[in-house]
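Please treat every number below as a calculation from the coordinates, not as lab data. Because the structure is a prediction, the values reported are computed rather than measured. Ideal geometry is used to build each Cβ from the backbone, glycine not excepted, and the neighbour counts take in all protein chains shown.
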Amino acid sequence: MTQAPEFSRRRLLGVAAALPLAAPALGLGARPALAKAAMLGAAQPAYQRFSLGSFEVTTLLAATRPVESPHQIFGLNASAEDFEAVSRAAFLPTDVAQFFFTPTVVNTGAELVLFDTGTDPAGLVAALAQAGYQPGDVDIVVITHMHPDHIGGMVTDGAATFANARYVTGAVEHNFWSGAGNALFDTNMRPFAERTTFLDDGGTITGGITAMAAFGHTPGHMAVMLESDGKGLVLAADTANHYIWSLAHPDWEVRFDADKAAAAATRHRLLGMIAADRLPFVGYHMPFPGLGFIEAAGAGFRYVPASYQMMLAG
């Protein structure tokens, strides 16, 4: 067998000494230092799309913002010590929270369905555009409930943002706000009453999409079940408004819940069903992209953000 040649220490030192002399010929001479790359700032994608059977589901980040003093919103019936301990265990600060506002678009192959419209039309339309859609593409707009961050994008400069769409919402929800004397409802929902279908629990929005009563957050708050080719997913809307301070602690009171006892009961029921059936779900205020799973954990639930499951689950 041929042996590799042995290099003596003297020869190695000679090669090393010759390198500086060879560098200019090789174009390896000293060059001026390049400027450092500019800081570009934090970035957040505006949409995420995945398949559910023959449906395409796209979650949209219509807005996100920090909100101070989260204990004044979540865990109203929890002590400061408990709120601090729970937050610390989850690596969360207690002086500020990041809020996410996540409408969802479902392409059934026959219709493009938008669920909720965000805080304002500009943010929603921008997210839609990044996802490849225009407002005129939307066939159905579903409103899960009529808080401002869900109906804020319905109207642009006094005209319908989604000019070609019909509208669907819960009958109980619409009836309540119709008599509430709410200015935003009067401008953003009331004008569309004649183009709106009003549903009760179990009502069909369109093929494979069903309304689910989830009352408490508002009087007629609605969740939605998506079913396609044997695959299911729940759009939970505002059933739980935070993955720790609401989902993990369903009995903690939330300032925005109209009926706090009913909202807690709905969390136990709906989140328990999602966990038992091992369904994926989208939460409107979960950390973007808002998609995950739920595991029962003690008296509450554990949020499991989706990783690659939906890439395999078409």
Report whether or not Asp200 is of a type in the set (Asp, Glu) and either over 30 Å from Glu253 (Cα atoms) or crowded, with 17+ Cβ neighbours inside 10 Å (or both). no
Hey, among Thr206, Thr218, Thr169, which residue is touching a residue at least 60 places away in the same chain (Cβ under 8 Å), β-branched (Val, Ile, Thr) and either farther than 21 Å from Val254 by Cβ or surrounded by fewer than 20 Cβ atoms within 10 Å (Cβ to Cβ) (or both)? Thr206
By residue number, the members of the range 232-261 that are out of contact with any Pro (no Cβ under 9 Å at 6 or more places or on another chain) and either assigned to a strand (DSSP E or B) or among the hydrophobic types (A, V, I, L, M, F, W, C) (or both) are Leu235, Ala236, Ala237, Ile244, Leu247, Ala248, Trp252, Val254, Phe256, Ala261
Do the conditions hold for Phe99, that is, is it in a strand (DSSP E or B), among the aromatic types (Phe, Trp, Tyr) and surrounded by fewer than 20 Cβ atoms within 10 Å (Cβ to Cβ)? yes
Could you tell me which residue of the range 245-267 is nearest to Phe215 (Cα to Cα), considering only residues that are out of contact with any Ser or Thr (no Cβ under 7 Å at 6 or more places or on another chain), surrounded by 23 or more Cβ atoms within 10 Å (Cβ to Cβ) and of a type in the set (A, V, I, L, M, F, W, C)? Ala263
Whether any residue in the range 236-252 is more than 22 Å from Val142 (Cβ to Cβ) and over 20 Å from the mean Cα position of the chain (by Cα) is what I want to check. yes
